[in-house]
Amino acid sequence: MKKIQEKENTLTFTLEMEESLANSIRRYVGEIPTLAIEEVEISKNDSALYDETIAHRMGLLPLKTEKSFNEKTEKKLNLEVKKEGYLLSEEIKGDAKIIYGKIPITFLKKGQEISIDATAKMGKGVNHSKHSPGIIFYREVSEVLIDKSCPNNLLEECPKGAKESLGKKIIVESPSEGDLYEVCEEKSNQLGKEFIKISPTGDLSITVESFGQMDKKEIFNSSIEMLKKDLAKISKGLK
């Protein structure tokens, strides 16, 4: 395993893995339980938005999901505001932590107010997207060979460093660079010559992106654990 790039909510790394397994891990992100607002009781809503719209927007707010949470976990939240201006997610108070505090929920005019009691529960993304903790995507790590006779106008559309690598093999691990080289290869083929040749290496470049409920590494590991549990059930059933 080799780390390519890591940001606050994104991690990209390369790994020798079959695409079928990588795809299974990707799909099992939807099986990871996360916390989200499930029940909303609105006692007062003077805003221009319908109660159903307010409830829907609150349900999509990412909430911090701790490892200690289980299927019985419930958190109470409250929203009591009487002011003029945008009503932001940071104004929701209660037992659960709102990940992003500047998400607008609605707008209140002078004299308007809103009063909401909500309950957050655990759920899975396969049942509702509000419980999705993030996404995983992948592509093959490629080996690129650029012919020395490649025209400059084509090289200018390739990623930075292509001109200095003429006649040498380039290992492309970044998904964005891989996309650019594929575009260049297609344009090369349109010219009727194989100036740029892309070959798979057998490794995968995997990117994990978190929506904030949990760390990106935890998402990848939890997805594997969910997959293992289901495979164990299948194995037990076959016996």
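From the list Ser176, Ser205, Ser188, the lone residue that is within 30 Å of Ile99 (Cβ to Cβ), surrounded by 17 or more Cβ atoms within 10 Å (Cβ to Cβ) and not β-branched (Val, Ile, Thr) is Ser205.
Taking segment 166-199, which residues are within 23 Å of Thr14 (Cα to Cα) and over 33 Å from the mean Cα position of the chain (by Cα)? Listed by number, the list holds a single entry, Lys168. Can you tell me which residue among Lys197, Lys217 is of a type outside the set (Asp, Glu) and either assigned by TED's automatic domain parsing to the domain that holds Asn23 or in contact with a helix residue (DSSP H, G or I) (Cβ under 6 Å, 6 or more places away or on another chain) (or both)? The conditions single out Lys197. Within segment 133-153, if we keep just the residues that are free of Cβ contacts under 8 Å to residues at least 60 places away in the same chain and surrounded by fewer than 19 Cβ atoms within 10 Å (Cβ to Cβ), the residue that is farthest from Phe195 (Cα to Cα) turns out to be Glu143. Looking only at segment 56-68, residues that are in contact (Cβ under 8 Å) with a residue 60 or more places away in the chain and of a type outside the set (D, E, K, R) come to 6 in all. Using the structure shown, decide if Leu77 is in contact (Cβ under 8 Å) with a residue 60 or more places away in the chain and part of a strand (DSSP E or B). Considered against the rule, which asks whether it is in contact (Cβ under 8 Å) with a residue 60 or more places away in the chain and part of a strand (DSSP E or B), Leu77 comes out as no. Taking segment 172-193 as the range and being more than 18 Å from Cys150 (Cα to Cα), in a helix (DSSP H, G or I) and of a type in the set (S, T, N, Q) as the test, only Ser176 passes. Which members of segment 140-186 meet the condition of being over 15 Å from Ile4 (Cβ atoms), at pLDDT 85 or above and of a type in the set (Gly, Ala, Ser)? Residue satisfying the conditions is Ser149 alone. In the set (1) surrounded by fewer than 18 Cβ atoms within 10 Å (Cβ to Cβ); (2) polar (S, T, N, Q); (3) in a strand (DSSP E or B); (4) under 24 Å from the mean Cα position of the chain (by Cα), Asn221 fails one condition alone, (3). Taken over segment 117-131, the criterion of being surrounded by 15 or more Cβ atoms within 10 Å (Cβ to Cβ) and either under 16 Å from Gln213 (Cα atoms) or not assigned by TED's automatic domain parsing to the domain that holds Lys75 (or both) is satisfied by Ala120, Lys121, Met122, Gly123, Lys124, Gly125, Lys130, His131. Considering the conditions (1) at pLDDT 90 or above; (2) in a helix (DSSP H, G or I), Val208 is excluded by exactly one of them, (2). Filter segment 23-77 down to residues that are over 27 Å from Ser223 (Cβ atoms), surrounded by fewer than 14 Cβ atoms within 10 Å (Cβ to Cβ) and of a type in the set (S, T, N, Q), then give me how many there are. Residues meeting the conditions: 1.
Taken as a whole, the structure places Ile114 among residues that are assigned to a strand (DSSP E or B), in contact (Cβ under 8 Å) with a residue 60 or more places away in the chain and not assigned by TED's automatic domain parsing to the domain that holds Phe13.
The values are calculated or read from the model by the stated rules, or taken from the named source; none is laboratory data. What you see is a predicted model, and the numbers here were worked out from it, not measured in a lab. Because the Cβ atoms are built from the backbone with ideal geometry, glycine has one as well, and the counts that use them run over all protein chains shown.
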